[in-house]
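Novice: Please read through the structure below; I'll follow up with questions.
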Amino acid sequence: MKHFAYAVILASLLGVTTAHADELWRTKGFKTPESVLYDGAHKRLIVSNIDGAPNKADGNGYLSLMSLDGKMIAEKWASGMDAPKGMAIAGKHLYVSDITQLRIVDVETGKLVKSVPMEGSVFLNDITASPEGDVYISDMMTNTIYRYHDGKPEVWLRDEKLNSPNGVLFAGDHLIVGTWGKGMKKDFTTETPGGLITVNLKTKTITPVAHAESFGNIDGVVKAGDTIIVTDYIAGVVWRCPSGKAPEKAATLKPGSADLGTDGAKLFIPMMNEGEVVALPAK
């Protein structure tokens with residue numbers, strides 16, 4: 001018991017806390033954290049901080065670095081952004097969605113290398129990248145997926161069937177897309193909840209994922225093994241979506257559970273309203 005008490009006190013001093021049994025750690029000190037990305041090459045986590053309104057170009061946005069055990073490495077590692085959200089790494093660059101721009105950051109130094117306007121975009125959200133370096137970016141307000149290919153941005157797919165796309169994940173010959181839903185209201189709730197779809201990279205055919213077509217306002221999408229794991233932003237629920245089965249509740253957090261990351265063993269979930277990042281077991 002003494003050792004446990006000492007560990008709790010030490011973790012608290014480091015800004016790391018735990019709330020209940022399922023949590024591995026919980027770290028404070030962020031400002032509207034929207035996304036957590038696992039950077040396997042450097043064994044660290046990158047956290048995007050909106051620090052303000054998610055659609056306001058105010059210059060407040062920045063990226064933080066964390067260790068895998070929940071300690072803050074650098075609170076403001078990369079700056080010069082507005083409302084950064086989804087992230088992906090391809091080669092030596094980190095790609096970040098920022099309202100209507102794609103930010104390109106040197107993954108070693110955190111220096112902002114380039115800002116690329118995405119013509120016609122309104123609310124860029126999540127990002128994923130192929131091994132070849134193609135970067136796909138969702139815009140949930142225009143039912144669009146953009147692509148950054150050979151140094152040029154383009155509208156890759158615009159279709160109402162994308163159903164307000166949020167989370168995107170490269171998965172071989174297709175993208176897995178988490179949709180927000182239809183009939184969006186002012187408070188971001190929807191008349192019809194979203195779910196999971198796939199988009200074939202060659203044909204661009206959109207296919208609902210069986211048994212997971214409509215179950216929540218989906219934000220982040222990751223895979224741990226063969227299981228898709230998503231966050232429902234509005235309900236604050238983490239869902240496991242085994243292939244061919246209905247989604248299963250893995251954890252219930254709070255509204256504002258946003259774009260999660262994973263190293264395969266753990267889930268890292270940004271809590272936008274609390275200014276925290278939470279770690280949970282992936283299985």
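The values are calculated or read from the model by the stated rules, or taken from the named source; none is laboratory data. Since this is a predicted model, take the numbers as computed values, not measurements. We place every Cβ from the backbone using ideal geometry, glycine too, and count neighbours over all the protein chains shown. These accessible areas exclude ligands, DNA and RNA; they are computed on the full protein's heavy atoms, side chains included. Shrake-Rupley method; radii C 1.70, N 1.55, O 1.52, S 1.80 Å.
So that you can scan it fast, the table gives a plain yes or no per residue for (1) closer than 30 Å to ALA282 by Cα; (2) of a type in the set (Gly, Ala, Ser):
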{"residue": "ASN60", "(1), (2)": "no, no"}
{"residue": "MET66", "(1), (2)": "yes, no"}
{"residue": "MET81", "(1), (2)": "no, no"}
{"residue": "SER97", "(1), (2)": "yes, yes"}
{"residue": "ILE127", "(1), (2)": "yes, no"}
{"residue": "ASP139", "(1), (2)": "yes, no"}
{"residue": "ARG147", "(1), (2)": "yes, no"}
{"residue": "GLY151", "(1), (2)": "no, yes"}
{"residue": "GLU154", "(1), (2)": "no, no"}
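Novice: Condition check: in contact with a Gly (Cβ under 7 Å, 6 or more places away or on another chain) and closer than 18 Å to ILE137 by Cα. Does LEU37 satisfy that? Please lay out each step first, then the result.
Specialist: Details: in contact with a Gly (Cβ under 7 Å, 6 or more places away or on another chain): yes; closer than 18 Å to ILE137 by Cα: yes.
Spelling it out, LEU37 is indeed in contact with a Gly (Cβ under 7 Å, 6 or more places away or on another chain) and closer than 18 Å to ILE137 by Cα.
Novice: Could you please let me know if VAL230 is surrounded by 21 or more Cβ atoms within 10 Å (Cβ to Cβ) and either acidic (Asp, Glu) or in contact with a strand residue (DSSP E or B) (Cβ under 6 Å, 6 or more places away or on another chain) (or both)?
Specialist: Yes, satisfied.
Novice: State whether the residues of the range 48-56 include one that is out of contact with any helix residue (DSSP H, G or I) (no Cβ under 7 Å at 6 or more places or on another chain), part of a loop (DSSP other than H, G, I, E, B) and within 18 Å of ILE104 (Cα to Cα).
Specialist: Yes, that holds for at least one residue.
Novice: Could you say whether any residue in the range 126-140 is farther than 15 Å from ALA83 by Cβ, in a strand (DSSP E or B), modelled with pLDDT of 95 or more and in contact with a Gly (Cβ under 6 Å, 6 or more places away or on another chain)?
Specialist: no
Novice: Separate question: Taking LYS245 as the residue in question, decide whether it is part of a loop (DSSP other than H, G, I, E, B), of a type in the set (Lys, Arg) and either open to solvent by less than 50 Å² (accessible area, probe 1.4 Å) or within 22 Å of LEU267 (Cα to Cα) (or both). Lay out the reasoning, then the answer.
Specialist: On the way: part of a loop (DSSP other than H, G, I, E, B): yes; of a type in the set (Lys, Arg): yes; either open to solvent by less than 50 Å² (accessible area, probe 1.4 Å) or within 22 Å of LEU267 (Cα to Cα) (or both): yes.
Answer is yes for this residue.
Novice: Just name the residue that is nearest to the chain's Cα centre (by Cα) out of those in the range 153-165 that are outside any loop (DSSP other than H, G, I, E, B) and surrounded by 13 or more Cβ atoms within 10 Å (Cβ to Cβ). Before the answer, list the steps.
Specialist: Taking the range 153-165 first, the residues outside any loop (DSSP other than H, G, I, E, B) are 153-158, 160-162, 165.
Filter again for surrounded by 13 or more Cβ atoms within 10 Å (Cβ to Cβ), leaving 153, 155-158, 161-162, 165.
On the way: PRO153: 21, VAL155: 21, TRP156: 20, LEU157: 20, ARG158: 21, LYS161: 21, LEU162: 17, PRO165: 12 Å.
Step by step, filter the range 153-165, then rank; the result is PRO165.
Novice: Among the numbered conditions (1) open to solvent by 30 Å² or more (accessible area, probe 1.4 Å); (2) of a type in the set (S, T, N, Q); (3) within 15 Å of the chain's Cα centre (by Cα), tell me where THR189 comes up short.
Specialist: (3)
Novice: Now a separate question. Can you tell me which residue is nearest to the chain's Cα centre (by Cα) among those in the range 194-208 that are buried (at least 16 other Cβ atoms within 10 Å of the Cβ) and within 21 Å of SER130 (Cα to Cα)? Full working, then the answer.
Specialist: Let us first name the residues in the range 194-208 that are buried (at least 16 other Cβ atoms within 10 Å of the Cβ), namely 194-199, 201, 206.
Adding the requirement that they be within 21 Å of SER130 (Cα to Cα) leaves 196-199, 201, 206.
On the way: LEU196: 15, ILE197: 17, THR198: 17, VAL199: 18, LEU201: 21, ILE206: 21 Å.
Looking at residues that are buried (at least 16 other Cβ atoms within 10 Å of the Cβ) and within 21 Å of SER130 (Cα to Cα), I get LEU196.
Novice: Follow-up. Which number in (1) in contact with a His (Cβ under 7 Å, 6 or more places away or on another chain); (2) within 19 Å of MET272 (Cα to Cα) marks the one condition that ILE229 misses?
Specialist: (1)
Novice: For the list (1) part of a loop (DSSP other than H, G, I, E, B); (2) of a type in the set (A, V, I, L, M, F, W, C); (3) surrounded by 22 or more Cβ atoms within 10 Å (Cβ to Cβ), I need the number of the one condition that VAL105 fails.
Specialist: Answer for VAL105: the failing condition is (1).
Novice: Another question about this same structure. From the set of residues in the range 141-152 that are closer than 15 Å to ALA90 by Cβ and in a strand (DSSP E or B), which is least open to solvent (accessible area, probe 1.4 Å)? Before the answer, list the steps.
Specialist: We begin by selecting, within the range 141-152, every residue closer than 15 Å to ALA90 by Cβ; these are 146-152.
Narrowing the set further to residues that are in a strand (DSSP E or B) leaves 146-149, 152.
Values: TYR146: 3, ARG147: 47, TYR148: 19, HIS149: 63, LYS152: 141 Å².
Of everything passing the filter in the range 141-152, TYR146 is least open to solvent (accessible area, probe 1.4 Å).
Novice: Of all residues in the range 66-115, count the ones that are closer than 20 Å to THR128 by Cβ and among the polar types (S, T, N, Q).
Specialist: 4
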